[in-house]
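What follows is a short report on a single structure.
The values are calculated or read from the model by the stated rules, or taken from the named source; none is laboratory data. Keep in mind it's a predicted model, so treat the numbers as computed, not measured. For neighbour counting, all protein chains shown are included, and Cβ atoms are generated from backbone atoms with ideal geometry for every residue, glycine included.
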Amino acid sequence: MRKQKMDNPWVSHRWVPQEVLPDFESFENNAPLAIIGRLHERDAEGETWLFSGFELDLFQDEAEGYYLNTSAITPCWFVMWRLEEDIDRYIDAQSLPLARVDATIAVPHRICVSYHEAARLLDGGESVDTVPMSQEHTAWLQEYVDEHYRPEPKKRHKPASFKGAERPAE
């Protein structure tokens, strides 16, 4: 997540997802995943926070949403995030003093690749932003789509019959 400084009299910064990276280390142990963040870097324009502890599961019934993503001009990751006040719960001990500078911190809670899932999250009032997907990850998702997506056959809609208008008796 990137905390970008803004030249605005009402808002000092804004949060945006910057990048999604695979985290292969979490597969080495069987411990339950927990979202944990730490300061990655700080520069003149803001800060970058690295969060880990996510698992991406693909489901056959979401294959159409994956297809819509891979067929888009720019396939992307969908990152659902929230401004959290319980900073201690999400930030590692080393980065806690830096995180406590503000009352809240943006914490990603879900990563997905389905247009339909992202739309449901948005409909539920969540903040969802996109991050462009690399060609490598797009190819990986395309393999899943090729294997599992079968478009629904198009049904021909018959025109309404001309039974006549319903007119009151005279």
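Looking at the range 91-118, which of the residues that are over 18 Å from the mean Cα position of the chain (by Cα) and buried (at least 18 other Cβ atoms within 10 Å of the Cβ) is nearest to residue 11 (Cα to Cα)?
We begin by selecting, within the range 91-118, every residue over 18 Å from the mean Cα position of the chain (by Cα); these are 91-104.
This time we only want the ones that are buried (at least 18 other Cβ atoms within 10 Å of the Cβ), so: 91, 95, 99.
Details: 91: 23, 95: 23, 99: 18 Å.
Here the residue is 99.
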- Task: Would you mind telling me which numbered condition in (1) surrounded by fewer than 16 Cβ atoms within 10 Å (Cβ to Cβ); (2) modelled with pLDDT of 90 or more residue 63 fails?
- Result: (1)
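Would you call residue 121 surrounded by 13 or more Cβ atoms within 10 Å (Cβ to Cβ), at pLDDT below 95 and of a type in the set (A, V, I, L, M, F, W, C)? So that I can check it myself, show each step before the final result.
Details: surrounded by 13 or more Cβ atoms within 10 Å (Cβ to Cβ): yes; at pLDDT below 95: no; of a type in the set (A, V, I, L, M, F, W, C): yes.
Criteria not met by residue 121.
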- Task: Scan the range 101-119 residue by residue and report those that are in contact with a strand residue (DSSP E or B) (Cβ under 8 Å, 6 or more places away or on another chain), part of a loop (DSSP other than H, G, I, E, B) and more than 20 Å from residue 55 (Cβ to Cβ).
- Result: 104
- Query: How about the range 66-85: which of its residues are under 19 Å from residue 14 (Cα atoms), out of contact with any Phe, Trp or Tyr (no Cβ under 9 Å at 6 or more places or on another chain) and touching a residue at least 60 places away in the same chain (Cβ under 8 Å)?
  - Reply: 79
- Return only the number of the condition from (1) closer than 17 Å to residue 108 by Cα; (2) free of Cβ contacts under 8 Å to residues at least 24 places away in the same chain that residue 43 does not satisfy. (1)
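State the number of residues belonging to the range 43-57 that are more than 17 Å from residue 18 (Cα to Cα) and not aliphatic (A, V, I, L, M). Show your work before the answer.
Taking the range 43-57 first, the residues more than 17 Å from residue 18 (Cα to Cα) are 55-57.
Restricting the remaining residues to those that are not aliphatic (A, V, I, L, M) gives 55, 57.
Looking only at that region, the number is 2.
If I ask for residues that are over 11 Å from the mean Cα position of the chain (by Cα) and part of a strand (DSSP E or B), which ones from the range 64-85 would you list?
82, 83, 84
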- Item | Test result for residue 88, part of a helix (DSSP H, G or I), farther than 17 Å from residue 14 by Cα and of a type outside the set (A, V, I, L, M) | yes
- Name the single residue, out of those in the range 32-63 being assigned to a strand (DSSP E or B) and aromatic (Phe, Trp, Tyr), that is farthest from residue 142 (Cα to Cα). 49
- Task: Could you identify the single residue in 15, 10 that is surrounded by 12 or more Cβ atoms within 10 Å (Cβ to Cβ) and at pLDDT 90 or above?
- Result: 15
- Among the candidates 141, 98, 122, which residue alone is under 23 Å from residue 52 (Cα atoms), out of contact with any His (no Cβ under 6 Å at 6 or more places or on another chain) and either free of Cβ contacts under 8 Å to residues at least 24 places away in the same chain or part of a loop (DSSP other than H, G, I, E, B) (or both)? 122
